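S.K.: Provided herewith is a single structure, encoded as structure tokens, for subsequent inquiry.
Since every read-out is calculated from the coordinates, none of them should be taken as a lab result. All figures in this text were calculated on a predicted structure; none of them were measured in a lab. No Cβ is skipped: glycine too gets one built from the backbone with ideal geometry, and neighbour counts run over all protein chains shown.
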Amino acid sequence: MPHLIAPSILSADFSNLRKDIEMINSSEADWFHIDVMDGVFVPNISFGFPVIKQIKKYAKKPLDVHLMIIEPDRYFERFKDVGADIISVHYEACKHLHRSIQSIKSLGLKAGVVLNPHASVSVLEDIVADVDLVMLMSVNPGFGGQKFIENTLIKIKRLKELMQKTGSEALIEVDGGVSLSNAVDLIHSGADVLVAGNTVFGSDDPVDMIAKLKNIKAGK
């Protein structure tokens, strides 16, 4: 399967958000990546239900909602109501992760689990076969524009091995510091979905940048 590109709305121009939504609609991007931060689980606050509802109003591609919040189970239904197609929760934020994943799936949504840079993929051994995607944070969560953590490439390979062992068909998503300089290595290592924020929205031609990320071939 060709890899997917999910531009991160966190890096968009919030003074003209509809313009950037239309840009993604017209590009080769596959998903809208939406980071939800509560200022507690991570040291930053982003946006909530009203903004996501407006994004969904104009978006023509799935909303990939990444919850960086405590007690995420309380809000799954509300995120569905405002348009989420995929909900991913942090391993560290869920006391009963299996229950959280099943709750998301019961709403008819895709369910993902997220690992911070310090976490070993081995903690997912008993859950990876139940999720639709695993997101590996390649920066410490909470802020855009951070430097890519190189160890992520090793973690992707380890995760791929774990998935083969358990029969998991989950997608591997990488979030943080993704650029043209590391995208080839990420795809070659086994990444299926690349989240790109500043790389896309900080470029002179975001549509062209998305096309370049989308059309990268692993190993070349």
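S.K.: Counting each DSSP H run of 4 or more residues in the chain as -39500 (n - 2.57), what helix-only mean residue ellipticity at 222 nm follows after dividing by all residues, to the nearest 500 deg cm²/dmol?
M.R.: For the chain, the value works out to -9500 deg cm²/dmol.
S.K.: For the chain, give the magnitude of the charge dipole about the Cα centre (Cβ charges: +1 Lys/Arg, -1 Asp/Glu; no others), in debye to the nearest 20.
M.R.: 200 debye
S.K.: Can I ask one more? Can you list the aspartates and glutamates whose alpha carbon is less than 17 Å from that of Lys212, not counting same-chain residues fewer than 8 positions off?
M.R.: Glu28, Asp30, Asp185, Asp192, Asp204
S.K.: Using a Förster radius of 22 Å, what is the FRET efficiency between Lys105 and Lys61 based on their Cβ-Cβ separation? Nearest 0.05, please.
M.R.: 0.55
S.K.: Evaluate the distance, in nm, between pseudo-label points positioned 7 Å from the Cα of Met1 and of Arg78 along their respective Cα→Cβ axes.
M.R.: Once both label points are built, they end up 3.1 nm from each other.
S.K.: Counting only pairs 8 or more places apart or on different chains, how many lysine pairs in the stretch 1-131 have C-alpha atoms closer than 12 Å?
M.R.: The number of close lysine pairs in the stretch 1-131 is 4.
S.K.: Please work out the C-alpha center-to-center distance from the stretch 57-108 to the stretch 173-197 and express it in whole Å.
M.R.: 22 Å
S.K.: Calculate, in nm to one decimal, what Asn151 and Asn198 gain on full extension: separation in residues at 0.36 nm each, minus their alpha carbon distance.
M.R.: 14.9 nm
S.K.: Please go through the stretch 2-72 and write out the trypsin sites (Lys or Arg not before Pro) that DSSP classes as loop and that have at most 12 other C-beta atoms within 10 Å.
M.R.: Within the stretch 2-72, the qualifying trypsin sites (Lys or Arg not before Pro) (loop, at most 12 other Cβ atoms within 10 Å) are Lys60.
S.K.: What FRET efficiency comes out for Asn16 versus Ile45 if R0 is 22 angstrom and r is the Cβ-Cβ distance? Round to the nearest 0.05.
M.R.: Once rounded, the FRET efficiency stands at 0.55.
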